[in-house]
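The values are calculated or read from the model by the stated rules, or taken from the named source; none is laboratory data. Values in this document were obtained by computation on a predicted structure and should not be read as measured data. Using ideal geometry, Cβ is built from the backbone for each residue, glycine included, and neighbour counts are taken over all protein chains shown. Calculation scope for accessible area: heavy atoms of the full protein, side chains included, ligands and nucleic acids excluded. Shrake-Rupley method; radii C 1.70, N 1.55, O 1.52, S 1.80 Å.
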Amino acid sequence: METKELTGKFYDIQGFSVHDGPGIRLTLFLKGCPLRCPWCHSPESLAFHAELNWMEIKCVGLEKCGRCLGVCPNDAITPGKIKAALDGSGDIQLPAVDRAKCDNCGECTKACTAKALYMCGTDYTVDEIMERVHRDMPFFKRSGGGVTISGGECLCQPDFTLEVLKRCKEEGVHTAVDTTGFVKWEVIESILPYTDIFLYDLKGFDSDLHKQVIGVPSDLIHENARKIAAAGGKFQIRIPVMPMYSDSEEVFDKIGKFLLELGDAVEVVQILPYHNLGIVKWERLQSKQQIFEATPPSDELINARKEQLESMGLNVIVH
């Protein structure tokens, strides 16, 4: 009986990354996430399957192209709205995608020469990923960098993540795992020997409010963090600062006290101010979900939260 080769489903791979752990890194973004943060800046990471994306700005119009019409087996693409062409040449008509009919088969993307329609979600084998790792090895060695496996929630693809981590450690590559912490402890326990540092998200603190806003309680996240620390793991804690949710002195006081419980396991705390750059990605998915929009926190507020944590003895950076 033929066995199927282990693959992971990715939505992006970024080389020369400098914000996902120490040094210059190769960051691997796997699809699928159990959380539903309303401010998510990578909504293409949420689903576990490949999805059709639509980048309107690239479309040249049905008059010049129109190849997407008629190729959809579900008749999900029809003539849509009319708008002014970016080059000032007049009006063009755009296609419209009926998401209720679309099954993400990708046939329309094969016909779209402008790449306005494209699929997000590509399968790679472990060997294919390691080929890319080998290409970036000179940067790792010179900068003290390595490979970061991120998401979505990369530990929702546990077998693939574990195998990549093992292969990296066999070749002496520094490893980081960017995780929400909302997974079974058994999964985290399996990768602990092969993970040099966890980039660990703390999206607020109160468990009931966490469930109300993000869709899952935070108890498991806190419990796993304590277990990682007890097992000798290391953290780069990440705190998204979200207006009206996690930007208050009270929230940061609770997070700070929790981090002190983790002791020397916490190497650095990274404050991540909310930004609205992800809104355009929601538009590409043509999602009916209401998009969270808010005014990004001021520099004064971010500096105050940074100083608050520093006054508790924590090493803090802002990204």
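Among the residues of the range 164-179, write down those that are open to solvent by 10 Å² or more (accessible area, probe 1.4 Å) and either in a loop (DSSP other than H, G, I, E, B) or out of contact with any strand residue (DSSP E or B) (no Cβ under 9 Å at 6 or more places or on another chain) (or both).
K166, R167, E170, E171, G172
Report, ordered by the first and then the second residue, all pairs with beta carbons closer than 6 Å, sequence separation of six or more or different chains, a first member in the range 234-257 that is in contact (Cβ under 8 Å) with a residue 12 or more places away in the chain and under 23 Å from D196 (Cα atoms), and a second member that is acidic (D, E) and surrounded by 16 or more Cβ atoms within 10 Å (Cβ to Cβ).
R238/D201
Here is a list of conditions, (1) under 23 Å from D20 (Cα atoms); (2) outside any loop (DSSP other than H, G, I, E, B); (3) open to solvent by 30 Å² or more (accessible area, probe 1.4 Å), and D247 meets all of them except one; can you say which number that is?
(2)
Cβ contacts < 8 Å: first residue in contact (Cβ under 8 Å) with a residue 12 or more places away in the chain and at positive phi, restricted to the range 294-319; second residue assigned to a helix (DSSP H, G or I) and open to solvent by 50 Å² or more (accessible area, probe 1.4 Å), any location; separation 6+ or different chain. Result?
G313/L260
So in the range 10-40, with the set limited to residues that are out of contact with any strand residue (DSSP E or B) (no Cβ under 9 Å at 6 or more places or on another chain) and more than 24 Å from G146 (Cα to Cα), which one is surrounded by the fewest Cβ atoms within 10 Å (Cβ to Cβ)?
Taking the candidates together, the pick is R36.
What number of residues in the range 13-39 are of a type in the set (S, T, Y) and more than 21 Å from T125 (Cβ to Cβ)?
1
Report yes if F182 is at pLDDT below 95, open to solvent by 10 Å² or more (accessible area, probe 1.4 Å) and not acidic (D, E), otherwise no.
Answer is no for this residue.
Being crowded, with 19+ Cβ neighbours inside 10 Å and not in a helix (DSSP H, G or I) is the filter here, so list the residues in the range 197-215 that pass it.
I197, F198, L199, Y200, D201, L202, K203, G204, F205, listed by residue number.
Quick one: in the range 260-281, which of the residues that are among the hydrophobic types (A, V, I, L, M, F, W, C), surrounded by fewer than 17 Cβ atoms within 10 Å (Cβ to Cβ) and part of a helix (DSSP H, G or I) is modelled with the highest pLDDT?
L260
All but one of (1) touching a Phe, Trp or Tyr at 6+ places or on another chain (Cβ under 8 Å); (2) modelled with pLDDT of 95 or more; (3) surrounded by fewer than 15 Cβ atoms within 10 Å (Cβ to Cβ) hold for Q289; which doesn't?
Tallying (1) touching a Phe, Trp or Tyr at 6+ places or on another chain (Cβ under 8 Å); (2) modelled with pLDDT of 95 or more; (3) surrounded by fewer than 15 Cβ atoms within 10 Å (Cβ to Cβ), Q289 fails exactly one: (2).
Are any of the residues in the range 4-13 in contact (Cβ under 8 Å) with a residue 60 or more places away in the chain and acidic (D, E)?
Yes, because at least one residue in the range 4-13 is in contact (Cβ under 8 Å) with a residue 60 or more places away in the chain and acidic (D, E).
Being touching an Asp or Glu at 6+ places or on another chain (Cβ under 6 Å) and either surrounded by 13 or more Cβ atoms within 10 Å (Cβ to Cβ) or assigned to a loop (DSSP other than H, G, I, E, B) (or both) narrows it down to one residue among R305, R238, R284, R226; which is it?
Answer to the check: R238.
Considering every residue within the range 143-158, establish whether at least one is open to solvent by 10 Å² or more (accessible area, probe 1.4 Å) and of a type in the set (A, V, I, L, M, F, W, C).
yes
What residue, of K81, K101, K115, is farther than 22 Å from A50 by Cβ, loosely packed, with under 14 Cβ neighbours inside 10 Å and not hydroxyl-bearing (S, T, Y)?
After applying the criteria, what remains is K81.
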